[in-house]
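The values are calculated or read from the model by the stated rules, or taken from the named source; none is laboratory data. In this text the structure is predicted, and so the values were computed from the model without any measurement. Using ideal geometry, Cβ is built from the backbone for each residue, glycine included, and neighbour counts are taken over all protein chains shown.
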Amino acid sequence: MSGPSLRKKDAHSSIHEAALNEAIELRTLFQKCLEDGDKVKALQVIEVTIEHWESRTLKHAEAEEEGLYKDIVEAYPDRLTTVIQLTRDHDLMRRIVDNLKNLLQSDEPNQRMITLLDSLVIIDQIHNDDEMNKLLVEGEK
Ligand SMILES: [Fe+2]
Ligand SMILES: [Fe+2]
């Protein structure tokens, strides 16, 4: 998981893009359910969306922290600050996903969940850019 494919910019970037596109589609679908007043479907969609963030982006983050990030710091100690910043992004995403799960337990599907989903997407977009531009450098194996 944390092996060569995450070290390769193109392959790594494709993983980001696939997960993010799905997340954006799910967010749009969730909003439509809210607008339609279809609470049952909205509930199903938000559950799938949370599961999506956990099983894709947060799992990917975990693999990076256990493998890629450690390897990079070992090979390029001057990238430690970048790794710390990227790890903080992961933590923010984990906390927002936890927030969503808590909201789901105590509340019906609502607009606040859209705000949280949008926050996840924005943080992930910025995070992915930094991973590509500050962490992985073209030409390095
Ligand atoms: Fe990451
Ligand atoms: Fe990544």
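Output the residues belonging to the range 114-137 that are assigned to a helix (DSSP H, G or I), under 30 Å from TYR76 (Cα atoms) and either without any contact (Cβ under 8 Å) to a residue 24 or more places away in the chain or touching a strand residue (DSSP E or B) at 6+ places or on another chain (Cβ under 9 Å) (or both). I'd like the intermediate steps shown before the answer.
Step one: filter the range 114-137 for residues assigned to a helix (DSSP H, G or I), giving 114-135.
Filter once more, so that each one left must be under 30 Å from TYR76 (Cα atoms): 120-135.
Passing the criteria: ILE122, ASP129, ASN133.
Taking the options LYS134, LYS39, name whichever one is among the basic types (Lys, Arg) and in contact with an Asp or Glu (Cβ under 7 Å, 6 or more places away or on another chain). Quick ask: steps written out before the conclusion?
Values: LYS134 fails: in contact with an Asp or Glu (Cβ under 7 Å, 6 or more places away or on another chain).
The match here is LYS39.
Considering only residues that are without any contact (Cβ under 8 Å) to a residue 24 or more places away in the chain, within 15 Å of ligand 1 (Cβ to nearest atom) and of a type in the set (D, E, K, R), look in the range 69-93 and name the one that is farthest from GLN111 (Cα to Cα).
Restricting to residues being without any contact (Cβ under 8 Å) to a residue 24 or more places away in the chain, within 15 Å of ligand 1 (Cβ to nearest atom) and of a type in the set (D, E, K, R), the top hit is LYS70.
Going by the structure shown, is GLU66 at negative phi, part of a helix (DSSP H, G or I) and away from ligand 1 (no atom under 15 Å from the Cβ)? Reasoning before the result, please.
On the way: at negative phi: yes; part of a helix (DSSP H, G or I): yes; away from ligand 1 (no atom under 15 Å from the Cβ): no.
No: the conditions fail for GLU66.
I'd like to know if the range 100-117 contains one or more residues that are under 17 Å from the mean Cα position of the chain (by Cα) and acidic (Asp, Glu).
Taking the range 100-117 and keeping what is under 17 Å from the mean Cα position of the chain (by Cα), we get 100-101, 113-117.
With the extra rule that they be acidic (Asp, Glu), the set shrinks to none.
No, that holds for no residue.
Evaluate the range 96-113: report whether one residue or more is part of a helix (DSSP H, G or I), touching an Asp or Glu at 6+ places or on another chain (Cβ under 8 Å), closer than 21 Å to HIS12 by Cα and at pLDDT 95 or above.
The answer is no; no qualifying residue exists.
Mind telling me which of the residues LEU26, LEU43, LEU34 ends up being in a helix (DSSP H, G or I), surrounded by fewer than 17 Cβ atoms within 10 Å (Cβ to Cβ) and more than 14 Å from ligand 1 (Cβ to nearest atom)?
Values: LEU26 fails: surrounded by fewer than 17 Cβ atoms within 10 Å (Cβ to Cβ); LEU34 fails: surrounded by fewer than 17 Cβ atoms within 10 Å (Cβ to Cβ).
Answer to the selection: LEU43.
This table checks each residue for (1) hydroxyl-bearing (Ser, Thr, Tyr); (2) surrounded by 15 or more Cβ atoms within 10 Å (Cβ to Cβ); (3) away from ligand 2 (no atom under 16 Å from the Cβ); (4) on the phi < 0 side of the Ramachandran plot.
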| residue | (1), (2), (3), (4) |
| --- | --- |
| MET93 | no, yes, no, yes |
| LEU100 | no, yes, yes, yes |
| ARG112 | no, no, yes, yes |
| GLU131 | no, yes, no, yes |
